[in-house]
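So the structure is just underneath, and the comments pick up after that.
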Amino acid sequence: MSMTRLVLASASPRRRALIQLLGVSFAVATADVDEESVTDPDPARNVVETARLKAKAVAQALAGAAIVIGADTTVACDGEMLNKPVDAADATDMLRRLRGRTHQVHTGLALLETATGRWVTDVATVDVPMRAYSEAEIARYVASGDPLDKAGAYAIQHPEFRPVSALKGCYAGVVGLPLCHLVRSLRRLGVELTGDIATACQKETQYDCPIYQSVLEG
């Protein structure tokens, strides 16, 4: 496919694995930014602004035309953002707070077309119900080290912990890169992908997505 190159402004291996499902070539560049400089208290706006910050930083270091894709994810519980835990004790506290409750995961996207300076932004917000996992399960999961680089101190896709009870929204958005929202954003920049992204995403995540049509048609 002939198109402007795509550059993912993220060091996340989970986002890299998901964007590969688009079936097109892309580059990766790490955004060295101070995410704490974004202070908007609204979680949905905060992740979009942080994604913009990442995309802008990467674009400034690029030569040639590109579409730079910034993404940011936060977990919100009672309106408070739970980002990556600072240590094992913080991870334990987060998991206890989320246990048996429904919270929201917000993933913001910010796409910058460097040739024109045009921006397209989007956000995926997902209600995430957590199961009533035990204290022993929390202890084992925290000891594994997996929660320490995750917003909210968990990964929905973890094969053993499996913290989520029954999701009804965008699985990839909870992982960190809502692919159908990304496809929708690329379309707004005139980029049409030929692959069946929804099928590829559902196969990869082993999740029967109930909302992909409404997202892609939105």
| task | Quickly estimate the mean residue ellipticity at 222 nm for the chain, helices only: each DSSP H run with n ≥ 4 gives -39500 (n - 2.57), and the total goes over all residues, rounded to 500. | result | -9500 deg cm²/dmol
| task | Give the peptides 183-190, 66-73, 120-127 in descending order of average Cβ contacts within 10 Å, highest first. | result | 66-73, 120-127, 183-190
| How large is the charge dipole for segment 6-73, taken about the Cα centre, if only the Cβ atoms of Lys, Arg (+1) and Asp, Glu (-1) carry charge, to the nearest 20 debye? | 380 debye
| For Ala11 and Arg162, FRET efficiency with R0 = 22 Å and r from the beta-carbon atoms, rounded to 0.05? | 0.30
| query | In whole Hz, what ³J(HN,Hα) sequence does segment 122-139 give by Karplus (6.51, -1.76, 1.60; θ = phi - 60°), x for Gly and Pro? | reply | 7, 8, 9, 10, 10, 7, 10, x, 9, 7, 8, 5, 8, 4, 5, 5, 4, 4
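For Glu36 and Arg101, calculate 0.36 nm times their separation in residues minus their Cα-Cα distance, and state this gained length in nm to one decimal.
That pair, Glu36 and Arg101, stretches by 20.7 nm at full extension.
Place the peptides 27-34, 110-117 in order of packing, highest mean first, counting for every residue the other Cβ atoms within 10 Å and averaging per peptide.
Output ranking for 27-34, 110-117: 110-117, 27-34.
Read-outs: derived from the displayed coordinates by stated rules, not from any lab. Keep in mind that what you see is a predicted model, and the values were worked out from it rather than measured. With ideal geometry, Cβ positions are generated from the backbone for all residues, glycine too; neighbour counts draw on all protein chains shown.
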